[in-house]
1. Quick check on L83: is it in a loop (DSSP other than H, G, I, E, B), more than 30 Å from D161 (Cα to Cα) and of a type in the set (A, V, I, L, M)?
2. For R151, state whether it is of a type in the set (K, R) and within 12 Å of the ligand (Cβ to nearest atom).
3. How many residues, within the range 244-263, are farther than 16 Å from I278 by Cα and either outside any helix (DSSP H, G or I) or hydroxyl-bearing (S, T, Y) (or both)?
4. Of the residues A130, A170, A174, only one is in contact with a helix residue (DSSP H, G or I) (Cβ under 6 Å, 6 or more places away or on another chain) and farther than 30 Å from M325 by Cα; which?
5. Here is a list: V162, V141. Which entry is out of contact with any Lys or Arg (no Cβ under 9 Å at 6 or more places or on another chain), crowded, with 23+ Cβ neighbours inside 10 Å and not hydroxyl-bearing (S, T, Y)?
6. Could you tell me which numbered condition G6 fails, if it satisfies all but one of (1) surrounded by fewer than 17 Cβ atoms within 10 Å (Cβ to Cβ); (2) more than 20 Å from the chain's Cα centre (by Cα)?
7. Restricting to the range 12-55, give me the number of residues that are among the charged types (D, E, K, R) and touching a strand residue (DSSP E or B) at 6+ places or on another chain (Cβ under 8 Å).
8. Determine whether R411 is modelled with pLDDT of 95 or more, surrounded by 14 or more Cβ atoms within 10 Å (Cβ to Cβ), part of a helix (DSSP H, G or I) and of a type outside the set (D, E).
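The values are calculated or read from the model by the stated rules, or taken from the named source; none is laboratory data. The structure displayed is predicted, hence computed values, not measured ones. Note that each Cβ is placed from the backbone with ideal geometry, even for glycine, and that neighbours are counted across all protein chains shown.
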Amino acid sequence: MNVYDGMRIAAMLRARGMTETSELSDADIIILNTCSVREKATDKVFSALGRIRLAKKPSALLGIVGCVAREVGSGAFRRVPELNFVLGPQSYHKLPQILDNPDSPLLNIDLGGLEKFDEMPQMDSSPAVAYIPIQEGCNHVCTYCIVPFTRGREISRPYADVVRDTKHAAQTGAIEICFLGQNVNGYKYENYRLSDLIRAAATLPKIKRIRFTSSYPTEMTDDLIEMFAIEPKLLPFLNMPIQSGSPDVLKRMNRPYSLDSYIDIVNKLRVARPDIQISSDFIVGFPGESDDDFQQTMDIAQRIKYINSFTFKYSPRPHTAAAIMPDQVPENIKKERLYKLDAMLSEIQREFNVSCVGKTLECLCEGADKTGKHTIYRTPYMQQCIVNIDPNTAPQMAKIKITNANKASLRGEFA
Ligand code: SAH
């Protein structure tokens, strides 16, 4: 979502005749697009601001947009007096105001509008993957999570607007559509659901791959699960965070599903698409998490065989219930648990990657690798596959035979 927001902001400034620079000292405006989901992310923003204010030219405008702006509000001006603007995740379309009126500080951290989607210029999809936001905010109140405070209650965009944006993306070069939302499978507009959006995107011949993120487990409804059976363009990959394998911890997290009901959904998905791969987010060291609770997380991760997962140490956040729960877990235990879980997940990932060797997969080109000499492709399971071909001549979609694998990536050649 933040990558998308950043692209949107860049497009807005380009439309005003501005160009990008990689030199901080050369910039006329510097914008930090921020995340506040963990404390470390918020801290990084303020340490970056400290560096930037020394390196920028005195006339350059400096501001933060996104969730930290919303979290800290006017306090940001007090902490960093050089700031010119502080705009929340639903008000970054107000940015031109600071360009027109650079002398008055701009603060807007309002929530609840889809205005930003309507007021900003439509973006051409120059990369092959088009991110299309379909809803924003979240009505689940997970006790660790600051998102309901920073992005607000759920709002779904009108079906016709999403379909229009999807068509525009296809016409301007998109091959893959990624529908976005904090609670993407909670999309509800009149009688339309996420499954209707997938069906509509799949009718566009130029679109070859469709995916969506992030999903809430109990909102994986049967109509959506069925799409994995009937819509071949929908990738066989799904991020469906379980967070913890302990029923007690899940209860305290206010994630009201049982392990059985979660496993039931996974089983239905695997019936619909036998090769589907599931990814999860995990939080270790949630308040009160015992060794036994943590072991249950290890057990469920092994049982589901998650790939491409994200793991986090619990971080207390303002405006959340868990931050004031008793039995906060000490940092060294969080670290140890994170290390154990990561080691196991990466072994599962390695096993899956190795199981792909010898297979031929239809992959999407992502661009050059770090050396600039090879090309990175994405498999349908979202693994990286490196192919020994000049990125300038690499086809956008290709059938690739997997020749080698380790825990981080695959190697392949054109089949
Ligand atoms: N559904 C949201 C989730 C964003 S946060 C979205 O896609 O925008 C991504 C992940 O960060 C969560 O799934 C959770 O595992 C983790 N997370 C959220 N709050 C956290 C906290 N306070 N401490 C540690 N990890 C957290």
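1. Details: in a loop (DSSP other than H, G, I, E, B): yes; more than 30 Å from D161 (Cα to Cα): yes; of a type in the set (A, V, I, L, M): yes.
Against the criterion (in a loop (DSSP other than H, G, I, E, B), more than 30 Å from D161 (Cα to Cα) and of a type in the set (A, V, I, L, M)), L83 qualifies.
2. yes
3. Result for the range 244-263: 7.
4. Values: A170 fails: in contact with a helix residue (DSSP H, G or I) (Cβ under 6 Å, 6 or more places away or on another chain); A174 fails: in contact with a helix residue (DSSP H, G or I) (Cβ under 6 Å, 6 or more places away or on another chain).
So the residue among A130, A170, A174 that is in contact with a helix residue (DSSP H, G or I) (Cβ under 6 Å, 6 or more places away or on another chain) and farther than 30 Å from M325 by Cα is A130.
5. V162
6. G6 satisfies all of (1) surrounded by fewer than 17 Cβ atoms within 10 Å (Cβ to Cβ); (2) more than 20 Å from the chain's Cα centre (by Cα) except (2).
7. Residues in the range 12-55 being among the charged types (D, E, K, R) and touching a strand residue (DSSP E or B) at 6+ places or on another chain (Cβ under 8 Å): 3 in total.
8. Numbers: modelled with pLDDT of 95 or more: yes; surrounded by 14 or more Cβ atoms within 10 Å (Cβ to Cβ): yes; part of a helix (DSSP H, G or I): no; of a type outside the set (D, E): yes.
No: the conditions fail for R411.
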